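Visitor: I have a structure here, written as structure tokens, and I will follow up with some questions on it.
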Amino acid sequence: SPKQSEDLRSPICCIMGHVDTGKTKLLDCIRGTNVQEGEAGGITQQIGATYFPAANIRERTKELKADATLKVPGLLVIDTPGHESFTNLRSRGSGLCDIAILVVDIMHGLEPQTIESLNLLKMRKTEFIIALNKVDRLYDWKARRNSPIGMTLKKQTKDVLSEFNRRVTHVITQFKEQGLNTELYYKNKEMGETFSIVPTSAVTGEGIPDLLLLLVQWTQKTMVEKLTFSDEVQCTVLEVKVIEGLGTTIDVVLVNGVLHEGDQIVGPIVTSIRALLTPHPMKEIRVKGAYMQHKEIKAAQGIKIAAQGLEHAIAGTSIYVVGPDDDLEDIKEAAKEDMQSVMSRIDKSGEGVYVQASTLGSLEALLEFLKTPEVNIPVSGIGLGPVHKKDVMKASVMLEKKNEYATILAFDVKVTPEARELADELGVRIFIADIIYHLFDQFKAYIDGLKE
Ligand code: GTP
Ligand code: MG
Ligand code: NA
């Protein structure tokens, strides 16, 4: 009934899994967008958020004839990267969500980051649904666009069905080895103890109605208490980004409560919300596009906030709102504790390369990657945004100490002509890439060259 929908907030669903299993493509299929094709190297390197209003979900699931049961206003979906170097972003995404979709490629079965994601979900006792994706790749598959999975399976030959069953059984066995009971959702008699598998295709849209309906029904059936709207603001920073015309903005996930234009907020700094923006429904917040401006926004939602001083905000921390009865000092104290845990991951040793990235999220990911034993490149300094002369100056300190570290690893940022000129003059190397591990390849080739 409409009364109920006023009391429940939208569930937050995080989509996780191994690289290239089709997480972004599945969202593109639901949104009718092409985000995945615009990604450098076809891989996701940032966390994203998309709001799906109930009306769209109803439309997409109508063939299943269950439309009357939607009680939530919509669904907020968080996209995460599957590449191994983005554990921190997977962890951040899984920490925010009410439920998750774990995507597995039917042709590959369980892979290393499937298991990593699984462990993150187990650790937080997060419910999840398995999307067994790319069913259209089964040999001789007859596609029936956007069809519920049961209807499309009926159209397949005996050979296709036996191949399908063989692969499903294999995946169920692999999950069993991880200590989990799983079953095709339409055979699952004990939801909650046995995790459901929904076969899907992000290319043909098959199984998408089932996936959406199961998500919404399962959350509103089992999580009413958790989803009951609360006034207390719960808000996490996903990314800190410079946007032309807006200055430094933050992308946040508002899990609960209401934000208003003009609200005094506390993160690393105290400021007031100048603009509350969202992408249009069914659009990805991490993709540049038109924004809608709001006077107030109710949870759950992915929001872009513009305000003074946001360049000091840090991805992964909470934003607090100062209410009329609140003590500003108490709130500042809480925000400080939050921040220290994130900053501790950005370690600055004495000798090392200089690292520059476009967003704090990607900077964190890059630092995490450089720290892994196989890579092991020390970092002495960090920067955000385009490489300027001052960054080259900072990197040049290493020329005297350890020449090979007089290097800037620039991820997804531009280098100003003045900075380039100064770097050439001083002998500071700048490696640029828009895929993290390409930076490593370039640096390694350079070091190997020195040894010869
Ligand atoms: P990361 O975010 O980088 O971890 O990858 P992802 O899981 O988001 O996968 P992505 O959406 O980038 O898809 C990877 C590749 O698989 C792309 O070339 C897609 O076109 C393809 N793909 C995704 N889903 C399907 C599917 O259902 N069927 C087929 N045939 N191809 C798919
Ligand atoms: Mg992706
Ligand atoms: Na990909």
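The values are calculated or read from the model by the stated rules, or taken from the named source; none is laboratory data. Everything numeric in this text was worked out from a predicted model, so none of it was measured. Cβ: placed from backbone, ideal geometry, glycine included. Neighbour counts: every protein chain shown.
Visitor: Mind counting the residues in segment 415-446 that are over 33 Å from the mean Cα position of the chain (by Cα), within 14 Å of Tyr405 (Cα to Cα) and assigned to a helix (DSSP H, G or I)?
Guide: Going through segment 415-446 one residue at a time, the tally reaches 2.
Visitor: Which residue is nearest to ligand 3 (Cβ to nearest atom), if the candidates are limited to segment 29-53 and must be of a type in the set (D, E, K, R) and part of a helix (DSSP H, G or I)?
Guide: Checked segment 29-53; the qualifying residue nearest to ligand 3 (Cβ to nearest atom) is Glu37.
Visitor: Now, a different point. Within segment 176-189, does at least one residue satisfy the condition of being touching a strand residue (DSSP E or B) at 6+ places or on another chain (Cβ under 8 Å), within 16 Å of ligand 3 (Cβ to nearest atom), aliphatic (A, V, I, L, M) and at negative phi?
Guide: Looking through segment 176-189, none of the residues is touching a strand residue (DSSP E or B) at 6+ places or on another chain (Cβ under 8 Å), within 16 Å of ligand 3 (Cβ to nearest atom), aliphatic (A, V, I, L, M) and at negative phi.
Visitor: Exactly one of these conditions fails for Gly427: (1) touching a residue at least 40 places away in the same chain (Cβ under 8 Å); (2) small (Gly, Ala, Ser); (3) on the phi > 0 side of the Ramachandran plot. Give me its number.
Guide: (1)
Visitor: Any idea how many residues of segment 123-172 are in a helix (DSSP H, G or I), free of Cβ contacts under 8 Å to residues at least 12 places away in the same chain and within 22 Å of Pro11 (Cβ to Cβ)?
Guide: 1
Visitor: Then there is this: Given the conditions (1) buried (at least 19 other Cβ atoms within 10 Å of the Cβ); (2) under 30 Å from Val321 (Cβ atoms); (3) not aliphatic (A, V, I, L, M), report the number of the one that Gly385 does not fulfil.
Guide: Gly385 satisfies all of (1) buried (at least 19 other Cβ atoms within 10 Å of the Cβ); (2) under 30 Å from Val321 (Cβ atoms); (3) not aliphatic (A, V, I, L, M) except (1).
Visitor: Here is a follow-up. Would you pick out the residues in segment 253-289 that are of a type outside the set (Val, Ile, Thr), at pLDDT below 95 and farther than 26 Å from Asp98 by Cα?
Guide: Pro268, Lys288, Gly289
Visitor: Across segment 205-250, which residue is surrounded by the fewest Cβ atoms within 10 Å (Cβ to Cβ) among those that are charged (D, E, K, R) and within 24 Å of Gln45 (Cα to Cα)?
Guide: Glu244
Listed here are the residues, each with its yes/no results for (1) closer than 28 Å to Phe86 by Cβ; (2) under 23 Å from the mean Cα position of the chain (by Cα); (3) part of a strand (DSSP E or B).
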{"position": "Lys226", "(1), (2), (3)": "yes, yes, no"}
{"position": "Ser230", "(1), (2), (3)": "no, no, no"}
{"position": "Thr236", "(1), (2), (3)": "yes, yes, yes"}
{"position": "Val242", "(1), (2), (3)": "yes, yes, yes"}
{"position": "Thr248", "(1), (2), (3)": "yes, yes, yes"}
{"position": "Val255", "(1), (2), (3)": "yes, yes, yes"}
{"position": "Gly262", "(1), (2), (3)": "no, no, no"}
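Visitor: Hey, among the residues in segment 81-108 that are of a type in the set (Val, Ile, Thr) and at pLDDT 95 or above, which one's nearest to ligand 3 (Cβ to nearest atom)?
Guide: In this case the residue turns out to be Val103.
Visitor: Can you tell me which residue within segment 27-51, out of those that are aliphatic (A, V, I, L, M) and within 14 Å of the chain's Cα centre (by Cα), is surrounded by the fewest Cβ atoms within 10 Å (Cβ to Cβ)?
Guide: Ile43
Visitor: With the condition kept exactly as written, say whether any residue in segment 52-63 is under 29 Å from Thr169 (Cα atoms) and surrounded by 21 or more Cβ atoms within 10 Å (Cβ to Cβ).
Guide: Yes: one or more hits.
Visitor: Please find, within segment 93-117, the residue that is nearest to ligand 2 (Cβ to nearest atom) out of those that are surrounded by fewer than 24 Cβ atoms within 10 Å (Cβ to Cβ) and part of a helix (DSSP H, G or I).
Guide: Looking at the filtered set, the residue picked out is Gln113.
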